[in-house]
1. How much area per residue is accessible in the chain when the probe is 1.4 Å and only protein heavy atoms are counted (Å²)?
2. Excluding Leu178 itself, what net charge comes from residues whose Cβ is under 14 Å from its Cβ, given Lys and Arg +1 and Asp and Glu -1?
3. Determine the dipole magnitude for region 10-141: charges of +1 sit on the beta-carbon of Lys and Arg, -1 on that of Asp and Glu, nothing else is charged, the reference point is the Cα centre, and the result goes in debye to the nearest 20.
4. When the chain is fully extended, how far beyond the present Cα-Cα distance does Arg109 get from Cys126, taking 0.36 nm per residue of separation?
5. Apply the Karplus curve 6.51 cos²θ - 1.76 cosθ + 1.60, θ = phi - 60°, to the phi angles in region 212-224 and return the couplings in whole Hz, x for Gly and Pro.
6. Over the chain, with every protein chain in place, what whole percent of the accessible area is carbon and sulfur at 1.4 Å, could you tell me?
7. For Ala142, what is the net charge nearby, where nearby means another residue's Cβ is under 12 Å from its Cβ and Lys, Arg count +1, Asp, Glu -1?
8. Based on DSSP H runs of at least 4 residues, each adding -39500 (n - 2.57), what is the mean residue ellipticity at 222 nm of the chain after dividing by all its residues, to the nearest 500 deg cm²/dmol?
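The values are calculated or read from the model by the stated rules, or taken from the named source; none is laboratory data. The model shown is predicted, which means the values in this text are computed figures rather than measured ones. Here the Cβ positions follow ideal geometry from the backbone for every residue, glycine too, while neighbour counts run over all protein chains shown. Accessible surface areas use protein heavy atoms only, side chains included; no ligands, DNA or RNA. Shrake-Rupley method; radii C 1.70, N 1.55, O 1.52, S 1.80 Å.
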Amino acid sequence: MTAISISPTDHVFVLTGAGISAESGLPTFRASDGLWAGHRIEDVCTPEAWERNPGLVWEFYSQRRADGAKAQPDPAHIALAELEHKLGERFFLCTQNVDDLHERAGSKRLVHMHGELAKSRCGDECGEPPVTDHMVYKSLSAVGRCSCGARMRPHIVFFGEIPLEMDRIQREIAKASLMVVVGTSGSVYPAANFVHWARQGGARTVYVGPEAPLNASAFTHVVEGKAGEVLPGLFAVVGS
Ligand SMILES: NC(=O)c1ccc[n+]([C@@H]2O[C@H](COP(=O)([O-])OP(=O)(O)OC[C@H]3O[C@@H](n4cnc5c(N)ncnc54)[C@H](O)[C@@H]3O)[C@@H](O)[C@H]2O)c1
Ligand SMILES: [Zn+2]
């Protein structure tokens, strides 16, 4: 398709999902029959899994940390960081990903609505803030304790928990005149609703990915292709 024109008055909100990190070698979730890196989500990524078997949850996220540390940003991550550089405060990025490839590509105005692999927090939510933690734990006994005594858990929003930073996300969507959604199946809520909120505010809405998402009908354009191939040439910033 022809490039998307971004005028000096446009505000751009970008939502990314697991697909943007696929070309960096990190597996997506739906693409592999509903398994994430060979695991059923309910075994490793729910509050019940954490209650039942915290050792398995830590083993899973430790492996994701190790894989994430080896991965490098792909051309799609870099294209979004370059777009932010041109637009400044008229750009905002919300990722569902827990890897840090957007930061490593240079993105700054971003939130991780589903948490971050490289952080841990109190398992009892006592109010202590999350801490940076790159450890790849070999056993549950190696996992540290919060100052309140509770076992630390990954700083990850498990399925069924409320995503982070929702107030800020809603404010940014309300400002947006263009929403670009990249590499997400449109099956995880509330993220799958963002396109509807943007449309209600009159924004243009564009999806980029190799196949149409479940909520495809809510987009004004669907660009079929890999993020790393499409995004570097997708934006024409007027006046830059
Ligand atoms: N890298 C990560 O941090 C990571 C990886 C897997 C899952 N998760 C978590 O699991 C949830 C999964 O939901 P989701 O909707 O983000 O992902 P998903 O796995 O449900 O869907 C991935 C989407 O990416 C698309 N895709 C595949 N290759 C692509 C490419 N090269 N370019 C663009 N798109 C491509 C697929 O067509 C699919 O629609 C997320 O909320 C996330 O927290 C995170
Ligand atoms: Zn605590």
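1. Working: 11300 Å² over 240 residues.
The answer is 47 Å² per residue.
2. Net of charged neighbours comes to +2.
3. Rounded to the nearest 20 debye, it is 240 debye.
4. 3.3 nm
5. Values per residue, Gly and Pro as x: 5, x, 4, 9, 4, 5, 7, 9, 6, 9, 10, 9, 7 Hz.
6. Carbon-and-sulfur percentage of accessible area, whole number: 51.
7. On the way: positive: Lys138, Arg145, Arg151; negative: Glu59, Asp133.
After counting each charged neighbour, the total is +1.
8. -7500 deg cm²/dmol
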